[in-house]
Amino acid sequence: MIAEKLWSSGNYSAAVTEYDKVIQRDSKDSLGLQALFRSAVTLHLFLNRPLEAIKRFETFISNSTDGDAIWNAQKEIGDIYYTVL
């Protein structure tokens with residue numbers, strides 16, 4: 001995936017753009033959900049856009065059926081509120 005290569009090279013803004021393309025194409029399948037989660041983490045940790053990250057995590061929680069992944073997204077939201085907001 002192009003987004004992962006960009007992310008690995010530290011080009012986080014471009015990676016989020018590529019993740020968004022995957023999300024638009026496959027929003028509710030496993031690849032789209034993975035891209036949604038990764039974009040939210042990237043927005044929070046590397047691009048200092050916590051409110052956008054929270055919205056993406058909330059969308060992920062709404063669309064996912066993976067209990068462990070949902071729990072991780074909820075923890076990320078809690079971390080944002082605790083450390084940033």
Note on Val16: of the conditions (1) open to solvent by 50 Å² or more (accessible area, probe 1.4 Å); (2) among the β-branched types (Val, Ile, Thr); (3) within 13 Å of the chain's Cα centre (by Cα), unmet is (1)
Counting only residues that are within 18 Å of Asn72 (Cα to Cα) and polar (S, T, N, Q), which one in region 4-52 is modelled with the lowest pLDDT?
Ser30
Long-range neighbours under 9 Å by Cβ, at least six apart or interchain, first residue under 15 Å from Lys55 (Cβ atoms) and in contact (Cβ under 8 Å) with a residue 40 or more places away in the chain within region 18-40, second among the aliphatic types (A, V, I, L, M) and open to solvent by 60 Å² or more (accessible area, probe 1.4 Å):
none
Restricting region 20-36 to residues that are open to solvent by 50 Å² or more (accessible area, probe 1.4 Å) and not polar (S, T, N, Q), which is nearest to Ala3 (Cα to Cα)?
Lys21
Matching residues in region 46-68 (in a helix (DSSP H, G or I) and over 20 Å from Ile2 (Cβ atoms)) number 15
So in region 1-13, with the set limited to residues that are exposed (fewer than 13 other Cβ atoms within 10 Å of the Cβ) and of a type outside the set (S, T, N, Q), which one is nearest to Leu47 (Cα to Cα)?
Gly10
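Mind listing whichever residues of region 29-69 are among the β-branched types (Val, Ile, Thr) and closer than 20 Å to Val16 by Cα?
Within region 29-69, the subset among the β-branched types (Val, Ile, Thr) is 41-42, 54, 59, 61, 65.
Answer for region 29-69, where residues must be among the β-branched types (Val, Ile, Thr) and closer than 20 Å to Val16 by Cα: Val41, Thr42, Ile54, Thr59, Ile61.
Among Arg56, Arg49, which is buried (at least 20 other Cβ atoms within 10 Å of the Cβ) and basic (Lys, Arg)? First the steps, then the outcome.
Details: Arg49 fails: buried (at least 20 other Cβ atoms within 10 Å of the Cβ).
One residue alone meets the criteria, Arg56.
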Among the numbered conditions (1) in contact (Cβ under 8 Å) with a residue 24 or more places away in the chain; (2) open to solvent by 70 Å² or more (accessible area, probe 1.4 Å); (3) of a type outside the set (S, T, N, Q), tell me where His44 comes up short.
(2)
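The values are calculated or read from the model by the stated rules, or taken from the named source; none is laboratory data. No experiment lies behind these values; they were computed from the predicted model shown. Heads up, the Cβs are rebuilt from the backbone with ideal geometry, glycines too, and the neighbour counts pull from every protein chain shown. These area figures cover heavy atoms from the full protein model, side chains too; ligands, DNA and RNA do not enter into them. Shrake-Rupley method; radii C 1.70, N 1.55, O 1.52, S 1.80 Å.
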